[in-house]
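**Q** Mind having a look at this structure? Questions to follow.
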Amino acid sequence: MNLSPRDLQRLQGVHADLVRVVQRAAQDSPMPFVVLEGLRTRERQAQLLRQGATKTMNSRHITGHAVDLAPLNDLDGDGDLDISWRWPHYFELAKHIKAAAMLEGIEIEWGGDWREFKDGPHWQLTRRSYP
Ligand SMILES: [Zn+2]
């Protein structure tokens, strides 16, 4: 699949290495996906914190080291792709994103692998390799 103009717009300000992973995944992944969010202002992060959608102000979205991706699936069988919030789709997509990162030689981590507050759409460059 090709990233849409909206996806590309949402990748603006995101670290080039993370963009490379997303682009490689878009090329290779049999499961289509969309970019939900990339760079985030401190104001928006504070708003998400108030809403309980995040637990931290120390988000890698603020520095351009994180993106949120959502798998697309024809959930209602009408032939159109919908954004899926179902975990099995996130696990499936995660395999392809991880494969793309491996091919690009870029160290990333998935919010779905976190022990607490699992975050299925969330991908970030590791703090170890990208402090
Ligand atoms: Zn995120």
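**Q** Calculate the translational D of the range 5-125 in whole µm² s⁻¹ from Stokes-Einstein, where the hydrodynamic radius comes from the Kirkwood formula applied to all Cα pairs, the temperature is 4 °C and the viscosity 1.567 mPa s.
**A** Rounded, D is 88 µm²/s.
**Q** With every protein chain present, what accessible area does residue 41 have (1.4 Å probe, heavy atoms only), rounded to the nearest 10 Å²?
**A** Spelled out: residue 41, probe radius 1.4 Å, area about 80 Å².
**Q** Suppose all protein chains stay in the model; what accessible area per residue would a 1.4 Å probe give for the chain, in Å²?
**A** Spelled out: the 1.4 Å probe surface of the chain, per residue, equals 57 Å².
**Q** Return the single residue from 113, 80, 68 with maximal mean-square fluctuation; model: Gaussian network over the chain, springs between Cα atoms under 10 Å.
**A** 80
**Q** Taking a 1.4 Å probe, which of 82, 76 shows the most accessible area, and what order do the others take after it?
**A** Putting 82, 76 in descending order of accessible area: 76, 82.
**Q** In addition: Can you give me the Cα centroid spacing of the range 98-131 and the range 17-58 in angstrom?
**A** Centre-to-centre (Cα) distance: 11 Å.
**Q** Let me ask something else. Rounded to a whole number, what % of the accessible area of the chain do carbon and sulfur atoms account for, probe 1.4 Å?
**A** Of the solvent-accessible surface of the chain, carbon and sulfur hold 51 percent.
**Q** Provide the solvent-accessible area of residue 87, counting protein heavy atoms only and rolling a 1.4 Å probe, rounded to the nearest 10 Å².
**A** Near enough 90 Å² of accessible area.
The values are calculated or read from the model by the stated rules, or taken from the named source; none is laboratory data. This structure is a prediction, so every number in the text was calculated from the model and none was measured. We work out accessible area using only protein heavy atoms, side chains counted, and drop any ligands, DNA or RNA first. Shrake-Rupley method; radii C 1.70, N 1.55, O 1.52, S 1.80 Å.
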